[in-house]
1. Below 8 Å, C-alpha to C-alpha, sequence gap of six or more: please give me the relative contact order for the range 145-230 in percent.
2. Among the helices of the chain (complete DSSP H runs), which have Cα atoms covering no less than 18 Å along the helix axis and a Kyte-Doolittle mean of at least -1.0?
3. Going down the table (K20/K202; K165/K246; K222/K242), which pairs top 24 Å between alpha carbons?
4. Rank F119, F38, F152 by mean-square fluctuation in a GNM of the chain with C-alpha springs under 10 angstrom and give only the top-ranked residue.
5. For a quick check: sort Y194, Y264 by the number of other beta carbons within 10 angstrom, fewest at the front.
6. What FRET efficiency would be calculated for the residue pair E265, L12, taking the C-beta separation as r and a Förster radius of 41 Å, to the nearest 0.05?
7. Identify which of P160, P36, P254 has the largest mean-square fluctuation in a Gaussian network model of the chain, with springs joining Cα atoms closer than 10 Å.
8. How far apart, in nm, are the 7 Å Cα→Cβ label points at D248 and C158?
Amino acid sequence: MQDMIQTVQNRLLAKQKEMKKDRLRRRHNPDGTSVPIFLVGCGRSGTSMFIWQLDKSWQIKLYNEDHPDAFDEYRLRDFNVVARLTKASMAPFTLFKPILDTVQTMELLDHFPGSKSIFAFRHYTDVINSSLKKFGTYNRLNHVKGWMTEDFAEFAVCPPPEVSKEVVRALWADDLSPQEGAALYWLFYNRLYYDLGLHDDKRTILIRYETLVTEPREQFEKVIAFLGAKFEEEMVEGVHAKSINKNDPPPLRPTIMEACEALYEQLSQHAA
């Protein structure tokens, strides 16, 4: 009974907060003009924390990857749906989190004038540990195994660049451990920052999780300035760095570890 009461109270509180944000949107953005923003990268990179912090602002209307209006089984719905939701949001910025559709980032940016993307990345050891804990031991390994046996058919809507596929193929082996499968999953998704040409596109900003949680104000201000929004103090309330290096690094064969380490260093230099 107590849990049910708490659930009802939480829903009422969320409704009140949304009504307050709607009032602010009508006051400060009376014409309802909104542009879509896409948060992409690799899952388990701290993106949930990031979007919920941004969602505290009236300036942003959030459609998380589990929102049925915008996503079907965590895949972004048709571009027409994205356009309709953006038009109806009333917020200056409509934030979508199509993590599984990171391969479509350039198509999204080109299709929606004025849109921008935020590419988030996190150290591969923490992502691997978090992925196995969240999704089960073999989830990431089975994804990569499917890419190998079905020629990346998972991405039929928007096939990834050949160079992205070749990197995974070169490191694949039938005896990979679940941790190594998760490492190749991390490598594939994070390589898209370069393989799609996002590193040369001014419509994209790169965010490093470790810096985001250790220097939250500076990093959130940077993202907000990139969007053209106004920074609000509550965006950084509650942000902490407790999840960095929380568990021991997973065992990886040298070739995979070297590839992940090289990419992480390259991304870190770009983010800096």
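Here, each number is a calculation from the coordinates, and none is a lab measurement. Predicted model only: the values in this text are computed from it and were never measured. As a convention, Cβ positions derive from the backbone with ideal geometry for all residues, glycine included, and neighbour counts pool all protein chains shown.
1. That works out to 18 percent.
2. Working: long enough: 2-28 (39 Å, -1.64); 178-195 (25 Å, -0.49); 254-271 (25 Å, -0.18).
Answer set is 178-195, 254-271.
3. Over 24 Å apart, Cα to Cα: K20/K202; K165/K246.
4. So, out of F119, F38, F152, the one fluctuating most is F152.
5. Values: Y194 17, Y264 21.
By the 10 Å Cβ count, ascending, the order reads Y194, Y264.
6. 0.30
7. Highest fluctuation of the listed residues: P254.
8. 4.0
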